[in-house]
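Let me begin by presenting the structure, written as structure tokens, before commenting on it.
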Amino acid sequence: MSTVLVLNGPNLGRLGSREPEVYGDGSLADLEVLLRASAPEGVEIDLRQTDDEAELVHWLHEAVDTGRPVILNPAAFTHYSYALRDAAALVTKAGLLLIEVHISNPHSREEFRHTSVISGVATGVVAGFGFDSYGLALDYVTRAD
Ligand code: CA2
């Protein structure tokens, strides 16, 4: 493994600008700096964000085609997107790691956030640790891959 895809779903591009009590005050650019600093030498971080479900699905297809592990924050798609679930399943069925991450702990929030349609096809889930959720996932991916 030389590149880890760090994929982020809808509204996460707004991080740092609103709801700091839930999501902290860091932006996605700050997250990228943190992950690059903690990645072992030779491991590249390819961090992306989209509000578009189809684009996120296509990026998971790209992960399969290029053999890259994925750290995925599906944001609100977590709770209802069967298209994203099917694409995530393609990744793990190809033998690649796909770690679902959340900044907040969805289980301590509204009822609709308690369901993830992604977790059942993910390698594992890290939630509730702010940006450290991504760091913990990256640590696992770089040791296990
Ligand atoms: O805790 C997480 O990482 C979530 O995936 C974030 C999603 C939410 O729908 C999930 O239940 C849990 C929402 C992302 C929205 O991001 C914002 C960022 C700044 C301001 C407002 C929303």
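The values are calculated or read from the model by the stated rules, or taken from the named source; none is laboratory data. Remember, it's a predicted structure, so these values are computed and weren't measured experimentally. Every residue, glycine among them, receives a Cβ derived from its backbone with ideal geometry; neighbour counts consider all protein chains shown.
For region 103-123, a residue qualifies if it is away from the ligand (no atom under 11 Å from the Cβ), hydroxyl-bearing (Ser, Thr, Tyr) and either in contact (Cβ under 8 Å) with a residue 60 or more places away in the chain or in contact with a Leu (Cβ under 9 Å, 6 or more places away or on another chain) (or both), and exactly one does: THR123. Residues in region 124-145 that are more than 16 Å from the ligand (Cβ to nearest atom), modelled with pLDDT of 95 or more and acidic (Asp, Glu): 1 in all. For region 42-71, which positions are buried (at least 20 other Cβ atoms within 10 Å of the Cβ) and touching a Gly at 6+ places or on another chain (Cβ under 8 Å)? Scanning region 42-71 gives GLN49, LEU56. For region 6-32, residues that are surrounded by 14 or more Cβ atoms within 10 Å (Cβ to Cβ), out of contact with any Leu (no Cβ under 8 Å at 6 or more places or on another chain) and hydrophobic (A, V, I, L, M, F, W, C) total 0. Applying the set (1) in a loop (DSSP other than H, G, I, E, B); (2) touching a residue at least 40 places away in the same chain (Cβ under 8 Å) to ASP139 leaves exactly one unmet item: (1). Across region 105-123, the qualifying residues are those that are touching a helix residue (DSSP H, G or I) at 6+ places or on another chain (Cβ under 7 Å) and surrounded by fewer than 18 Cβ atoms within 10 Å (Cβ to Cβ), and the one among them that is farthest from PRO69 (Cα to Cα) is PHE112.
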